[in-house]
1. Setting aside same-chain residues fewer than 8 positions from residue 71, which aspartates and glutamates have a Cα under 17 Å from its Cα?
2. Lysines within cross-link reach of residue 385: Cα-Cα under 18 Å, excluding same-chain residues under 8 positions apart?
3. Apply the a/c threshold of 1.5 to the C-alpha gyration tensor of the stretch 332-442 and tell me whether it is rounded, prolate or oblate.
4. Quick one: pull the percentage of alpha-carbon pairs in the stretch 102-146 with a separation above 13 Å.
5. So how do 297-303, 510-516 stack up, highest first, on mean other-Cβ count within 10 Å?
6. If the chain were replaced by its equivalent ellipsoid, with semi-axes equal to the square roots of 5 times the Cα gyration tensor eigenvalues, what would those be, largest first, whole Å?
7. Per DSSP H run of n ≥ 4, the term is -39500 (n - 2.57); total these for the chain, divide by its residue number, and report the mean residue ellipticity at 222 nm rounded to 500 deg cm²/dmol.
8. Any chance you could check the Cα centroid distance between the stretch 370-409 and the stretch 46-104 for me, in angstrom?
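FYI, it's all coordinate maths here, none of it is from the lab. Being a predicted model, the structure only gives us computed values, none of them experimental. Neighbour counts are summed over all protein chains in view; Cβ atoms, including those assigned to glycine, are modelled from backbone coordinates with ideal geometry.
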Amino acid sequence: MAQLFTHLQRIPLLPCKVQEARKFMRLFSISAQKACQVRVRFAPSPTGHLHLGGLRTALYNFLFAKSKNGKFILRIEDTDQTRLVVHAAQRLEDMLKWAKIYPDESPTVGGPRGPYVQSQRINLYHNYMKNLLENDSAYKCFCSKLRLDWLRNDAIRRNETPKYDNKCRYLSQVKIEELERKGTPYCIRFKLETITDPYQDLIYGPILINVAEHEGDPVMMKADGYPTYHFANVVDDHLMGITHVLRGVEWQISTPKHLLLYKAFGWNPPLFGHLPLIVNRDGSKLSKRQDDLHIEHYRDQGYSPEAVLNFVTDIGGGFEGKEHNVLLTIEELSEKFNLARLTKNSCRLDFDKLKLYNQMDLQRCLKSPTELPVLLDQLQDLVKKTFEEKLSSSAVQEKVLNPEYLTSVLMWNEDRITCLSDLVRPEYTYLWAIPDHLPLDQLPAMPNSYADILQSILEAITAISDNFTKENIVTSIKVVSKQYGLKTPAIMKLIRIAVTGMKEGPPVGEMLSVLGQDTAAARIKHALHLLE
Ligand code: GLU
């Protein structure tokens, strides 16, 4: 909107003739629309994995763009060559794709305002740097590392915040030429002006930070010819037509500096909004090294993009009429997105919510004819990978990897698991493989041998000719327990151990009905064999 106002101020007086006036208005409304098209960006540095904080920034920019029919741009900020991590840029883009946050313009998608990788735009920064030198907003600084270190250490010794003393701001032209002739290396610094007026943060309201009070003139171009973050970021936001900058609150302190740069260039700045800090559930700070904060970690654990996105959007608000604990698609999230509803409070992560959302998503996929086959393929791969050796017999493989069996396993467990990978945890091994050990020593003594009782169970369950349902199974087991004078829980325990190799587990009737008559019988035969 700020841009539109400036745009309006520049419009010449309306032409008098009505026809011409109409034509003018038509043209104007198109150009105003163009001027107003929302363009936002996510500008990560490729220094590691995509983190929850980064995902939140990318997502909120994306949702804002989509809710305004605008464009979402991915720009890689790799000017700090010392911190680069190989393949990190590609991985970032892949992870955004996984999360269904598709950029309209990016290093791989391309676009009209590229290149979208800063290290490929170096010449361009040099040209813009010249402008600032020419209009006296920047200067060459020849201070050696030794002097800068001395300044820093001296400030620390005096218990003051270290800051550059702007010495080279005042060098005479003669001195500059002399140092240049000698080939003294230099960087370029920006002359910070005093700030007296606040800027309007879209989320935090008026913010007044007089940077010049806290910092010396910042470096814009390093001695190696690479621009710093501040300079490249501002030049690119301008050249890429960015209308709104939504980024983490840790950048709020840089914004006044960026606004001064816009002023020095004579450019209209975008609007700025800062997203509140994300903290742990107990309010403690997140650590960048926390592995469980990487998006790849969630993907690899079997969390769905929808679950992760709903989890992230749940913490900071920004939605109109969004109920908690209702899973929304990314399209629904963008329909409900409203920047004005973003909170300023720190956002506390509640990982139980992530689990809940993933369970909801699993249940949704189970009901969807298009998503179910994908889910079954994933489960099939997971089972194959986890139980590779135990699935050696092709008959076993055929049975447990069969889509019908996989579906019944999923339906039976939909309220117990939160992630597909839960189904390959040790306590679910019995679903996929024959137990190799029976902890029968845990069972109470019985009047007859375990083998005799299991033989009767085998006969009873093989004789079920109607549906092999939990009810029919339980009825026939009860008949056997009566025959031996046993209590039902005791016989159930024996069967559970025989079939699963575990002392604890799900209700026996349900479990046998999911395994199916053949498998149940085969398991009991196998147990009898182990008992021999
Ligand atoms: N490259 C910065 C980062 O790593 C971008 C900050 C901004 O959005 O301006 O987060």
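1. List returned: 93, 104, 105, 236, 237, 331, 335.
2. 399
3. Prolate, because a/c is 1.5 or more and a/b exceeds b/c.
4. When all Cα pairs of the stretch 102-146 are counted, 68 percent exceed 13 Å.
5. Most protected by this proxy first, the peptides run 510-516, 297-303.
6. In descending order the semi-axes read 66, 28, 19 Å.
7. -14500 deg cm²/dmol
8. Computed from Cα coordinates, the inter-centre distance equals 34 Å.
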